[in-house]
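The values are calculated or read from the model by the stated rules, or taken from the named source; none is laboratory data. All figures in this text were calculated on a predicted structure; none of them were measured in a lab. Glycine gets a Cβ as well: all are built from the backbone with ideal geometry, and neighbour counts include every protein chain shown.
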Amino acid sequence: MRFRRTASALTVAVTALALAACGDDDDGGGGGGDSAEPSVAETPEFEAGTTMAEIAERGTIRVGTKFDQPGFGLENLEGEVEGFDVEVAKIIAGALGIAEGDIEWVQTPSAVREEVIEGGEVDMVVATYTINDTRRERISFAGPYYEAGQQIMVASDDDEITGPESFTENPDATVCSVTGSTPAENIREYLASDSQLVLFEEYSQCADSLSNGQVDAVTTDNVILLGFVSESDGEFKLVGEQFTEEPYGIGITKGDVAFCEFINETLADNEEAYVAAWESTAGQVEGTETPSLPEPQPCS
């Protein structure tokens, strides 16, 4: 298994993953459950000229994912990436005849996801990537493969912030999210001023800032926040209800309908592996429920 961090100017130097250092059975993918290894097709055949044929002939696949999100994409103490997004990518790679050891994992923070696809640095991005029309102007999506919802995380002793509306009521309160993310844009309508929003490149930086008292809250999708809560030893909690719907898709080159349809069919044909992927990763976090694979959106 190979790893590469994006070299884009938009990506800041990677900070120490303090939360990863706390990794245990609840870290969303470590020893909590034995991940069922996806099957690897022995001699897959694809139409010449397709992305599938190119990847299969190459014998490797480059996958963009996150390295800082417990349960979905987290670099563990052994330097390996683990999580639900990682396992979903392995299912797709296996159908292409690519074994786990031949996957190149490329660190892909929110702000550079479209960029690495357009630049050909990766073959696909599986990185808690919400499908929306703005992103579809630049890339295409397969899926969704999961549906999340945005929520708020605060310190466990904080009774002031009870949901997104609290930021209008408390104009001095600050909330952290990630540059280029859907949650960062969604929370703006609940703020008294833009100065309340603090942006970093990675959610682990937001969690560290909440722990240090530099911000009052963190917002992103609930399943991501549950991972941080699980690893915080009681330091964090979630407040309020989810206030958005976030369908996670797999980002690919714009207009690659054949690859999109292949990915959707592969996931539909591997429901057992999909469930095992969840239960051995994000499903280890208290408060999560095993999902059903959502109906795919039309490929375009």
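What the table shows:
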{"read-out": "Some residue of the range 191-200 being within 18 Å of the chain's Cα centre (by Cα), surrounded by fewer than 22 Cβ atoms within 10 Å (Cβ to Cβ) and not in a strand (DSSP E or B)", "value": "no"}
{"read-out": "Residue in the range 251-258 that is assigned by TED's automatic domain parsing to the domain that holds residue 44 and polar (S, T, N, Q) present", "value": "yes"}
{"read-out": "Answer from 159, 233 - the residue that is without any contact (Cβ under 8 Å) to a residue 12 or more places away in the chain, among the acidic types (Asp, Glu) and over 30 Å from residue 93 (Cβ atoms)", "value": "159"}
{"read-out": "Meets criteria (surrounded by 17 or more Cβ atoms within 10 Å (Cβ to Cβ) and either under 30 Å from residue 90 (Cα atoms) or among the charged types (D, E, K, R) (or both)) for residue 205", "value": "yes"}
{"read-out": "Matching residues in the range 246-300 - criterion: being among the charged types (D, E, K, R) and either touching a Phe, Trp or Tyr at 6+ places or on another chain (Cβ under 8 Å) or more than 25 Å from residue 134 (Cβ to Cβ) (or both)", "value": "265, 269, 271, 272, 279, 286, 289"}
{"read-out": "Residue within the range 69-90 that is of a type in the set (Gly, Ala, Ser), modelled with pLDDT of 95 or more, outside any strand (DSSP E or B) and on the phi < 0 side of the Ramachandran plot present", "value": "yes"}
{"read-out": "Selection within the range 163-186 - in a loop (DSSP other than H, G, I, E, B), of a type in the set (Ser, Thr, Tyr) and crowded, with 21+ Cβ neighbours inside 10 Å", "value": "181"}
{"read-out": "Only listed residue being among the small types (Gly, Ala, Ser), in a loop (DSSP other than H, G, I, E, B) and under 30 Å from residue 46 (Cβ atoms), chosen from 249, 255", "value": "255"}
